[in-house]
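Worksheet: one structure, shown below.
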Amino acid sequence: MNILILGSGGREHALAWAIKQNPKCDRLIVAPGNAGIAMLAECAEFDIESGSAVVTFCEENAIDFVVIGPEAPLAAGVADATRAAGLLTFGPSAEAAKLEASKTFTKEICDACGAPTAAWARFTESAPAKDYVRAKGAPIVIKADGLAAGKGVIVAMDEATALDALDDMFGGSFGSAGAEVVIEEFMAGEEASFFILSDGQNALPIGTAQDHKRAYDGDEGPNTGGMGAYSPAPVLTDALQAQVMDQIVRPTIAEMARRGTPYQGVLYAGLMIENGKARLVEYNARFGDPECQVLMMRLGAQALDMLLACAEGRLDQMQVNWADDHAITVVMAAKGYPGAYQKGTEIKGLEALPEDSFNMVFHAGTKANGPAILSNGGRVLNVTARGASLLEARQNAYALLDRIDWPDGFNRSDIGWRALD
Ligand code: AMP
Ligand code: GLY
């Protein structure tokens, strides 16, 4: 079949890499893709946030299956447009993607289905929001309602920080995303991510992961999109996964179906675990980046069969065949990220590295210049490896990374520490 993947990051490189290995895949196109993706798929350039542009491209290229990677096209209704055109699609409708795009929506769903999450309140004006913060005290969490590229959440350890965050949000720092604000109880504990495919009715767990959001070793420095990840997440035991499926995931999927807006795609549940119990921090309507890279490394070619079963509504017939192994990915970012950084610096040594089912360097932000590979973003490479243990996977990943010659990049040297120490 002919398959189109939308997106340009390490997540989409990993999806393309897994899908390409499945004999069902004849032609693979990624839009817009990047230099690494271009080594295994065709890349195409058009507006991936426009439903009509995506449908036109699919019709002109006889596409049989569309896989939507990032949240922006989902929130823009691209899956609605492709499904309306009769195209088999992986990714939720705009209404269902509100589980990521609107914090208040997710909180209402949790309340409606009894899913455990932090206590919350919603505000559209500054004065009552500030009164609420003063009444509750710190620590407390302030969130812009809408999509804010991962920057709309302030975990305030003191009251002054919380009040400043409210000034910022109501002052327009987050544009329309901050017109409505959610104030939440602070949850202590350990965070982990759980990935579940839903076809609208059935739910199939496809793996756990943990990422590292801070830029520097020891979980210091500014927040980023993620500096590395590993799978599985030991903190999400079988018993906890069962609790999350029973109390959070299945009730959410049932509530979405009951509202006539079934959730079809991957549901990424961000969880906080404390005293053996999990509560929902947030949902995302897509695979995590870089969590997808470690999941795809472990799933391989069967990932396509699962995405297809998800899009075709037959997840009840699917089973995941897990190797009893571990995967880890280390992000190489441009110096300065997540602040200002340079683009276009040359990365050497990539062509000599192994590319197999145990070692893979996924490209997150690169472009080709003749034979040279140049950086083209903040997060640039995802150096990914598998191993029989997490320690072995980590040694393999850092051994790969040591062979990459990129003086303008940096990486954390302690990915996986929480699970290994
Ligand atoms: P979100 O975008 O909702 O996932 O929030 C980003 C990050 O903020 C999460 O990954 C957590 O580390 C933190 N966070 C969000 N909500 C809470 C909460 N209620 N309590 C503690 N930390 C939180
Ligand atoms: N790595 C976190 C995310 O994809 O949202």
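The values are calculated or read from the model by the stated rules, or taken from the named source; none is laboratory data. It should be emphasised that the depicted structure is a prediction, and the values quoted were computed from it without experimental measurement. In this analysis, Cβ positions are derived from the backbone assuming ideal geometry, glycine residues included, and neighbour counts consider all displayed protein chains. Ligands, DNA and RNA are stripped out before the accessible areas are found, and what is left, the full protein with its side chains, is counted by its heavy atoms. Shrake-Rupley method; radii C 1.70, N 1.55, O 1.52, S 1.80 Å.
Quick look at the numbers
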{"read-out": "For the chain, calculated [θ]222 nm from helices alone, where every DSSP H run of n ≥ 4 adds -39500 (n - 2.57)", "value": "-8000 deg cm²/dmol"}
{"read-out": "From the C-alpha gyration tensor of segment 137-226, square roots of 5λ in Å", "value": "27, 19, 13"}
{"read-out": "Apportionment of accessible area to carbon and sulfur, segment 74-123, percent (1.4 Å)", "value": "52"}
{"read-out": "Segment 174-287, Rg to Rh (Cα coordinates; Rh as Kirkwood inverse mean 1/r)", "value": "0.99"}
{"read-out": "With 10 Å bins from 0: P(r) over segment 330-378, alpha-carbon pairs, percent", "value": "24, 51, 22, 2"}
{"read-out": "Sequence ranges 95-103, 135-143, 310-318, 209-217, ranked by mean other-Cβ count within 10 angstrom, highest first", "value": "95-103, 209-217, 135-143, 310-318"}
{"read-out": "Solvent exposure of segment 48-126 as accessible area per residue, Å², 1.4 Å probe", "value": "35"}
{"read-out": "Debye intensity ratio in log₁₀ form over the Cα atoms of segment 32-108, taken at each q of 0.13, 0.21 Å⁻¹", "value": "-0.42, -0.92"}
{"read-out": "Relative contact order (%) - criterion: Cα under 8 Å, at least six apart; region: the chain", "value": "17"}
{"read-out": "Cα shape, segment 289-421, gyration tensor, a/c 1.5 rule", "value": "prolate"}
{"read-out": "Two-decimal ratio, the chain, of alpha-carbon radius of gyration to 2.2 N^0.38 Å", "value": "0.95"}
{"read-out": "Sequence ranges 122-133, 34-45, ranked by mean other-Cβ count within 10 angstrom, highest first", "value": "34-45, 122-133"}
{"read-out": "Lysine pairs with alpha-carbon atoms under 19 Å apart, segment 35-156, spacing 8 or more or separate chains", "value": "11"}
